[in-house]
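**Q** One structure follows; several queries about it will come next.
The values are calculated or read from the model by the stated rules, or taken from the named source; none is laboratory data. Note that the coordinates shown come from a computational prediction; the quantities given were computed from them, not determined experimentally. Neighbour counts are summed over all protein chains in view; Cβ atoms, including those assigned to glycine, are modelled from backbone coordinates with ideal geometry. Heavy atoms of the whole protein, side chains included, go into the accessibility calculation; ligands, DNA and RNA do not. Shrake-Rupley method; radii C 1.70, N 1.55, O 1.52, S 1.80 Å.
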Amino acid sequence: KALEQEFTGKIKCIYIDPPFNTGQAFDHYDDGLEHSLWLSLMRDRAEMLKKLLSSDGTIWVHLDDNEAQYFKVVLDEVFGENRFRNNISWHYYNRLPSGGSVFESKPDNLLVYTKSSAWIFKPQYEKRDKMAKKKKQVKVGGKSMNARDEEGNIIYLELETRKVDDVWRLPLLVRTAE
């Protein structure tokens, strides 16, 4: 609330990493609220944060699978379903399995919403582990066809980077002993 007077309509990007409501107790907060109470508290925060966003602003909400699907419904109500841009999933590929009789739950989620349709998306690229080849395409008479050199050989592009998509594979950063 203290931010509203100075920052209403001025913030282009908000990232929040709220408690995941996992049922655990931590030193500084209780992460085990009753489900509907957690959603109600989060709705209040989402409504306040929406006011802070500029017209071309985005909000990125980091959650695990305990509450992400439920909170997405709340964000759809607050921002509008048409303002939902993506659910980015990431997982830590080097996390040790915990065992058990079900599939390992590895992903975290970034729910991305915009305040309006005036937002700007700038694709991100990352270096590939290994060079990739792709057939070069050209339009001929409105149809896509393989590009060919003077001898009729298909032309290939060598791709060193790839456009980042909505599944991120990240290494788990492990604390070291002090």
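**Q** Quick one: which of Val73, Val61, Val78 is modelled with pLDDT of 95 or more and touching a strand residue (DSSP E or B) at 6+ places or on another chain (Cβ under 7 Å)? Even if it seems obvious, please write down each step before you answer.
**A** Working: Val73 fails: touching a strand residue (DSSP E or B) at 6+ places or on another chain (Cβ under 7 Å); Val78 fails: touching a strand residue (DSSP E or B) at 6+ places or on another chain (Cβ under 7 Å).
So the residue among Val73, Val61, Val78 that is modelled with pLDDT of 95 or more and touching a strand residue (DSSP E or B) at 6+ places or on another chain (Cβ under 7 Å) is Val61.
**Q** Does Glu67 fit the bill of being of a type in the set (Asp, Glu) and open to solvent by 50 Å² or more (accessible area, probe 1.4 Å)? Steps first, answer last, please.
**A** Working: of a type in the set (Asp, Glu): yes; open to solvent by 50 Å² or more (accessible area, probe 1.4 Å): no.
So Glu67 fails the test.
**Q** For Ser55, are the conditions met, namely being over 13 Å from Val112 (Cβ atoms), modelled with pLDDT of 90 or more, not acidic (Asp, Glu) and not in a helix (DSSP H, G or I)? Write out each step before concluding.
**A** Values: over 13 Å from Val112 (Cβ atoms): yes; modelled with pLDDT of 90 or more: yes; not acidic (Asp, Glu): yes; not in a helix (DSSP H, G or I): yes.
Considered against the rule, which asks whether it is over 13 Å from Val112 (Cβ atoms), modelled with pLDDT of 90 or more, not acidic (Asp, Glu) and not in a helix (DSSP H, G or I), Ser55 comes out as yes.
**Q** Need the failing condition index for Gly57 against (1) touching a residue at least 24 places away in the same chain (Cβ under 8 Å); (2) under 17 Å from Leu170 (Cβ atoms), just the number.
**A** (2)
**Q** Residues that are open to solvent by less than 60 Å² (accessible area, probe 1.4 Å) and hydrophobic (A, V, I, L, M, F, W, C): find the strands (runs of 3 or more DSSP E) completely inside region 88-178 holding 2 or more of those. Before you say what the answer is, go through the steps one by one.
**A** On the way: elements: 108-114, 125-135, 137-140, 143-146, 156-163, 167-170.
Result: 108-114.
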